[in-house]
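Undergrad: My questions all concern the structure below.
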Amino acid sequence: MNRPARLAVGVVSAGRVGSVLGAALARAGHTVVAASGISADSHRRAERLLPGVPLLPPDETVAAADLVLLAVPDDVLAGLVTGLAATGAWRAGQIVIHTSGAHGVSVLRPAAEAGALPLALHPVMTFTGREEDLQRMAACTVGVTAEPGNEAAWNVGEALTVEMGAEPVRVPEAARPLYHAALAHGANHLVTLVADCVDLLAGAGIADPERMLGPLLSAALDNVLRHGDRALTGPVARGDTGTVRKHLDVLADQAPNATDCYTVLARRTAARASAAGLLGRDGAAEITELLEGPEDS
C-alpha cells in the first residue's frame with residue numbers, strides 16, 4: 001500500500017471527530033495548516049489537539065489545504081460542500097474527505113466536479129474529543145468509500161486510514177445507509193439502554209449501579225460478539241413467563257417510561273431465541289402472548 005505524500009491538511013471543523021483525526025494525521029507526518037471552529041469547545045479542543053494551528057473560516061481552511069477533512073454533522077454536509085463550491089474553494093488535485101457514516105462519496109460531487117478526489121472515511125468508534133481517542137484509533141476500524149472502479153482512490157483512503165493507526169474496511173456506496181443504521185442502532189441505542197438500566201437500579205436503591213452493571217454488560221457484549229445468539233440468557237430466552245410478567249408489572253408501576261422499550265426488546269429476544277433453538281415452541285408462544293396480548297398473538 002503506497003503511502004500518501006506529506007499533505008497540508010485543513011480541518012472543517014475542529015469538533016470531537018475533526019480535532020482527533022487532524023491530530024492523527026499530524027502524528028502520521030502530515031501538517032495541519034488550518035482548522036475552522038466557532039464554539040468555545042472547538043477552540044479548546046484545537047488548542048489541546050492541534051496546538052499552533054490557526055483557526056480560519058471554512059473557505060480559507062479549504063484554500064490552504066491539499067487534504068480537506070470535513071467533520072461536520074450529516075445533515076450539514078451537503079450544504080457545506082455545495083456552498084464551498086459556489087465560492088470556488090475546491091480545486092483540482094485536492095483530496096476531500098468527509099467523516100459521515102450516513103453518506104458515501106456522492107455528497108462530495110461538487111468538489112469532484114472541480115477536480116478533487118472524494119473519499120468517505122467513517123471511524124467506527126465514539127469520540128470524546130480528548131487525547132485518549134488517539135489511542136482508541138488503534139483498535140477501531142474505518143469504513144472507507146470511494147468512487148466505484150477507482151482503485152487508486154480506494155488505495156488512498158486505505159493508506160490514510162492505516163497511517164492514522166486504524167483498520168480500513170471497504171463499504172460500497174449503496175451499503176452506506178444500512179451500514180450506518182446498524183452502527184447507530186448498536187452504539188447509540190446501547191447508551192440509552194444502559195442509562196435506563198442505571199436509572200432503574202438507582203430507583204431500586206442500589207448504590208453505585210455503574211459498578212454493578214460494568215462486569216455484567218462487558219461479559220454480555222463479549223459473549224454475543226463471540227457466540228451470537230447462543231449468548232442469550234435470562235427469563236425471556238428460558239421461557240420464564242412468570243418472571244417476565246413480574247418485570248412488566250413492576251415497570252408499569254415504578255418505571256413506565258422504560259416499559260415500552262423492555263417489551264419491544266423482549267419480543268425481539270424471544271424471536272431470536274426461538275430461531276436459534278434456545279426457546280421451545282410452547283415457551284415462545286407463551287412469552288409472545290404475554291408481551292403482545294392474546295388478541296395480537
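The values are calculated or read from the model by the stated rules, or taken from the named source; none is laboratory data. Source: prediction; values computed, not measured. We place every Cβ from the backbone using ideal geometry, glycine too, and count neighbours over all the protein chains shown. Accessible surface is based on the protein model in full, side chains and every heavy atom, while ligands, DNA and RNA are left aside. Shrake-Rupley method; radii C 1.70, N 1.55, O 1.52, S 1.80 Å.
Undergrad: Give the residues of the range 70-85 that are in contact with a Ser or Thr (Cβ under 6 Å, 6 or more places away or on another chain), surrounded by 16 or more Cβ atoms within 10 Å (Cβ to Cβ) and in a helix (DSSP H, G or I), sorted by residue number.
TA: Answer for the range 70-85, where residues must be in contact with a Ser or Thr (Cβ under 6 Å, 6 or more places away or on another chain), surrounded by 16 or more Cβ atoms within 10 Å (Cβ to Cβ) and in a helix (DSSP H, G or I): just Leu77.
Undergrad: Still on this structure, please answer the following. Looking only at residues in the range 252-264 that are among the aliphatic types (A, V, I, L, M) and without any contact (Cβ under 8 Å) to a residue 12 or more places away in the chain, which one is nearest to His189 (Cα to Cα)?
TA: Across the range 252-264, the extreme among qualifying residues is Val264.
Undergrad: What number of residues in the range 183-233 are open to solvent by less than 60 Å² (accessible area, probe 1.4 Å), under 20 Å from Ala273 (Cα atoms) and aliphatic (A, V, I, L, M)?
TA: Here the count works out to 4.
Okay, residues lined up against (1) in contact with a helix residue (DSSP H, G or I) (Cβ under 7 Å, 6 or more places away or on another chain); (2) among the basic types (Lys, Arg); (3) buried (at least 23 other Cβ atoms within 10 Å of the Cβ):
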residue	(1), (2), (3)
Val68	yes, no, yes
Thr87	yes, no, no
Gly93	no, no, no
His98	yes, no, yes
Leu117	yes, no, no
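Undergrad: Tally time: how many residues in the range 70-96 are over 18 Å from Pro57 (Cα atoms) and under 21 Å from the mean Cα position of the chain (by Cα)?
TA: So the count comes out to 2.
Undergrad: Within the group Tyr262, Tyr179, which residue is under 30 Å from Ser100 (Cα atoms), of a type in the set (Phe, Trp, Tyr) and in contact with a His (Cβ under 9 Å, 6 or more places away or on another chain)?
TA: None of the others qualify; the one that does is Tyr179.
Undergrad: Given the condition open to solvent by 30 Å² or more (accessible area, probe 1.4 Å), within 29 Å of the chain's Cα centre (by Cα), more than 18 Å from Asp196 (Cα to Cα) and not polar (S, T, N, Q), answer yes or no: does some residue in the range 256-266 qualify?
TA: For the range 256-266, residues open to solvent by 30 Å² or more (accessible area, probe 1.4 Å), within 29 Å of the chain's Cα centre (by Cα), more than 18 Å from Asp196 (Cα to Cα) and not polar (S, T, N, Q): absent.
Undergrad: On the basis of being under 26 Å from the mean Cα position of the chain (by Cα), at pLDDT 95 or above and either hydrophobic (A, V, I, L, M, F, W, C) or part of a helix (DSSP H, G or I) (or both), does Val250 make the cut?
TA: no
Undergrad: Across the range 234-251, what is the total count of residues that are free of Cβ contacts under 8 Å to residues at least 12 places away in the same chain and either of a type in the set (Asp, Glu) or open to solvent by 60 Å² or more (accessible area, probe 1.4 Å) (or both)?
TA: Going through the range 234-251 one residue at a time, the tally reaches 4.
Undergrad: Of the residues Leu56, Leu67, only one is of a type in the set (A, V, I, L, M, F, W, C) and within 23 Å of the chain's Cα centre (by Cα); which?
TA: One residue alone meets the criteria, Leu67.
Undergrad: State all residues of the range 22-36 that are of a type outside the set (A, V, I, L, M, F, W, C) and more than 16 Å from Thr61 (Cβ to Cβ); if no residue qualifies, say none.
TA: Within the range 22-36, Arg27, Gly29 meet the criteria.
Undergrad: Separate question: For Arg170, state whether it is over 27 Å from Arg6 (Cβ atoms) and basic (Lys, Arg).
TA: No, not satisfied.
Undergrad: Follow-up question, since we're still on this one. Answer yes if at least one residue in the range 17-30 is over 25 Å from the mean Cα position of the chain (by Cα), assigned to a strand (DSSP E or B) and surrounded by fewer than 18 Cβ atoms within 10 Å (Cβ to Cβ), and no otherwise.
TA: No, that holds for no residue.
Undergrad: Which pairs have Cβ atoms under 7 Å, sit 6 or more apart or on different chains, and link a residue in the range 135-163 that is among the charged types (D, E, K, R) to one that is part of a helix (DSSP H, G or I)?
TA: Glu147/Ala153
Undergrad: Considering Gly149, Gly165, which residue is closer than 21 Å to Val9 by Cα and either touching a Pro at 6+ places or on another chain (Cβ under 6 Å) or small (Gly, Ala, Ser) (or both)?
TA: On inspection, the qualifying residue turns out to be Gly165.
Undergrad: Which ones in the range 136-167 are open to solvent by 60 Å² or more (accessible area, probe 1.4 Å), modelled with pLDDT of 95 or more and of a type outside the set (S, T, N, Q)?
TA: Once the filter is applied, which keeps residues that are open to solvent by 60 Å² or more (accessible area, probe 1.4 Å), modelled with pLDDT of 95 or more and of a type outside the set (S, T, N, Q), the range 136-167 yields Glu147, Pro148, Gly149, Glu151, Ala152, Val162, Glu167.
Undergrad: Out of Ala175, Ala184, Ala146, which single residue is farther than 13 Å from Leu21 by Cβ and over 17 Å from the mean Cα position of the chain (by Cα)?
TA: Ala146
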